[in-house]
Amino acid sequence: MARTFALLLASVCVGFVWFTGHDFCHQQSNYKKPNFIIILADDIGWGDLGANMAAERSHTPNLDRLASEGMRFVDFHSAASTCSPSRASLLTGRLGIRNGVTHNFAATSVGGLPMNETTLAEALKQCGYMTGLIGKWHLGHHGSFHPNWRGFDYYFGIPYSNDMGCTDCPGYDHPPCAPCPLHPSSAHRPDGGCYTKLALPLMKNSAILEQPVNLTGLSARYSQQAVTFMKNARNQRRPFFLYVALAHMHVPLSPTHVTPEHGPYELSLREMDRLVGDIWAYADSNTLIWFTGDNGPWAQKCHLAGSVGPFLGKWQMMQGGSSAKQTTWEGGHRMPAVVYWPGQVPPNSTSSALLSTLDIFPTLVTLAHGTLPANRRFDGKDISEILRGSPQETQRIMFHPNSGAGGRIGDLEAIRWGPYKAFYTTGGALACDGSSGRPQSHDPPLLFHLSEDPQEETPLARGSEEYEWLLPLISQAMADLHHDICTDNVSTANYVQDPSAAPCCNPRLSTCRCEGATSTDRQ
């Protein structure tokens with residue numbers, strides 16, 4: 001089957017873009033709206049959740065307890081295997097080929113998530129929700145792309161990834177990053193691939209609190225800010241939507257205390273788990289907590305006493321590239337996921353349904369008694385009944401876009417159809433030993449049966465009865481999506497860069513250095 005169906009569909013379709021400002025919410029006086037907390041880990045492996053690896057020593061006791069009192073998903077996926085596209089899809093319920101976000105935004109990006117796309121925060125605000133973002137945004141920070149303009153009443157965090165700016169204490173990376181230069185005359189060294197021309201800022205709403213931020217104390221500040229936000233919503237008797245986008249487990253890792261017995265990855269994982277526990281401790285019984293990740297881990301994390309989880313297969317290593325972020329192998333997008341909602345989600349339950357971060361938007365809007373924005377189509381589904389323990393879907397189709405590992409950015413590299421997976425492109429990402437294989441196109445595609453081969457080690461034999469039965473179904477699914485995208489309201493993101501768009505508190509000092517904020521960071 002020709003790979004034309006897997007091309008960047010938005011490039012061959014004329015999109016119709018507009019923003020609908022209509023009320024998405026049905027107000028019902030006798031319905032007490034639930035609170036929502038979405039906790040998104042950064043660059044986390046499926047096997048990092050202790051509940052997913054029962055035979056191993058767990059570093060996530062709070063998350064394990066959350067799973068034992070809620071529902072654990074074992075076939076849950078991010079919508080993309082890199083940061084900006086994954087977050088855009090979570091907040092819109094639409095793949096990047098629809099919402100326009102196909103690769104990461106930079107510190108100097110002028111644009112961001114297109115303004116005609118409706119975010120989950122905007123939809124829930126229509127339903128009376130108080131909305132807050134604590135942590136990493138990475139969907140545009142310049143002008144109207146800032147989170148305060150995208151539906152969030154309150155924002156506290158970093159505007160993009162924690163390696164997209166230098167700090168005074170660079171933490172742990174492989175290779176290590178250089179600290180920020182202290183004087184304007186200091187040379188800017190790109191050691192470790194880190195961006196040293198600009199210090200990483202910490203922001204509260206549109207103000208820069210400190211630059212460079214102290215990453216070592218950031219976890220405690222996030223916890224404090226999350227609890228303060230929940231207190232304010234409770235005092236105002238308003239339902240709230242809190243989106244906590246953690247710096248963990250993205251490098252550089254900055255745990256508070258590193259010992260010879262415990263590596264930086266293990267300690268950072270434990271620190272993340274404590275933050276989740278702090279937030280959970282303050283949440284009331286009418287609060288739904290949804291924990292998952294944005295994409296798989298860095299391959300280099302094997303050098304930092306971490307593992308890439310159970311989805312590293314021989315086939316990936318043979319073809320070049322690891323089962324990590326920036327790939328469409330399972331380790332690049334299969335995420336740990338737990339949902340807790342007392343009295344609604346059955347405790348100590350496990351779901352094997354094929355689900356995605358794309359489902360978060362339509363599910364929460366439904367639970368808020370809202371209506372999805374008109375004039376656009378969604379890739380996510382309302383899974384509220386699955387959360388409550390109803391029978392699970394088995395034949396869902398899910399598409400995995402390329403996020404830079406190989407081929408053109410934005411291409412569709414793989415399809416999941418029930419337990420089967422088809423690859424149109426493989427390779428291109430770094431393996432743990434630093435080697436990299438060339439991107440390879442597959443026409444016809446490689447097919448895997450994940451129920452029997454979850455590590456994607458042995459593709460189905462071409463010409464076999466199973467392969468020949470599956471191929472036309474996969475091909476038709478690609479053709480159907482091609483038609484659907486071409487007739488949809490498709491957005492286009494602006495990826496233009498300009499140095500003046502970079503957040504800078506004082507351009508007269510080296511790397512835009514400014515004084516730190518008070519320890520309380522009061523709202």
Seminar exercise, completed: Among G70, G15, G96, G50, the single one that is out of contact with any strand residue (DSSP E or B) (no Cβ under 8 Å at 6 or more places or on another chain), at pLDDT 90 or above and open to solvent by less than 50 Å² (accessible area, probe 1.4 Å) is G50
Exercise. What number of residues in the range 21-44 are surrounded by 13 or more Cβ atoms within 10 Å (Cβ to Cβ), at pLDDT below 90 and part of a loop (DSSP other than H, G, I, E, B)?
Worked result: 1
Exercise. Out of curiosity, is H248 buried (at least 23 other Cβ atoms within 10 Å of the Cβ) and either out of contact with any Gly (no Cβ under 8 Å at 6 or more places or on another chain) or in contact (Cβ under 8 Å) with a residue 60 or more places away in the chain (or both)?
Worked result: yes
Problem set entry | One residue from P297, P260 being assigned to a loop (DSSP other than H, G, I, E, B), without any contact (Cβ under 8 Å) to a residue 24 or more places away in the chain and out of contact with any Phe, Trp or Tyr (no Cβ under 8 Å at 6 or more places or on another chain) | P260
For this session: Could you tell me whether any residue of the range 181-196 is modelled with pLDDT of 85 or more and open to solvent by 20 Å² or more (accessible area, probe 1.4 Å)?
Result: no
Exercise. Which one is surrounded by the most Cβ atoms within 10 Å (Cβ to Cβ), of the residues in the range 106-135 that are β-branched (V, I, T) and assigned to a loop (DSSP other than H, G, I, E, B)?
Worked result: T118
Problem set entry | Residue that is more than 22 Å from the chain's Cα centre (by Cα) and farther than 25 Å from A324 by Cα, where the choices are R237, R221 | R237
Exercise. Considering only residues of the range 271-308 that are modelled with pLDDT of 95 or more, under 21 Å from the mean Cα position of the chain (by Cα) and small (G, A, S), which is surrounded by the fewest Cβ atoms within 10 Å (Cβ to Cβ)?
Worked result: G277
Seminar exercise, completed: Flagged in the range 68-95 as under 19 Å from L354 (Cβ atoms) and not in a loop (DSSP other than H, G, I, E, B), in numbering order, are M71, R72, F73, V74, D75, F76, H77, S86, S89, L90
For this session: State which residue is surrounded by the most Cβ atoms within 10 Å (Cβ to Cβ) when the search covers only the range 438-472 and only residues that are of a type in the set (A, V, I, L, M, F, W, C) and touching a residue at least 24 places away in the same chain (Cβ under 8 Å).
Result: F448
Exercise. For the subset of the range 320-375 comprising residues that are more than 30 Å from A422 (Cα to Cα) and hydroxyl-bearing (S, T, Y), which member is least open to solvent (accessible area, probe 1.4 Å)?
Worked result: Y340
Problem set entry | Criterion violated by L139 - all others in (1) in a loop (DSSP other than H, G, I, E, B); (2) open to solvent by 20 Å² or more (accessible area, probe 1.4 Å) satisfied | (2)
For this session: Residues being out of contact with any helix residue (DSSP H, G or I) (no Cβ under 8 Å at 6 or more places or on another chain) and of a type in the set (G, A, S): count how many of those fall in the range 35-85.
Result: 4
For this session: Given the conditions (1) at pLDDT 90 or above; (2) more than 23 Å from the chain's Cα centre (by Cα), report the number of the one that Q392 does not fulfil.
Result: (1)
For this session: Keeping to the range 208-246, report how many residues are more than 30 Å from G370 (Cα to Cα) and either hydroxyl-bearing (S, T, Y) or not in a helix (DSSP H, G or I) (or both).
Result: 9
Exercise. Is it true that G331 is in a helix (DSSP H, G or I), of a type outside the set (A, V, I, L, M, F, W, C), in contact with a helix residue (DSSP H, G or I) (Cβ under 9 Å, 6 or more places away or on another chain) and at pLDDT 70 or above?
Worked result: yes
For this session: Working only within the range 346-362, note down all residues that are more than 18 Å from D294 (Cα to Cα) and hydroxyl-bearing (S, T, Y).
Result: S349, T350, S351, S352
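The values are calculated or read from the model by the stated rules, or taken from the named source; none is laboratory data. All of these numbers come straight from a predicted model, not from anything done at the bench. When we count neighbours, we look across all protein chains shown, and the Cβ atoms used for this are built from the backbone with ideal geometry, even at glycine. Accessible surface areas use protein heavy atoms only, side chains included; no ligands, DNA or RNA. Shrake-Rupley method; radii C 1.70, N 1.55, O 1.52, S 1.80 Å.
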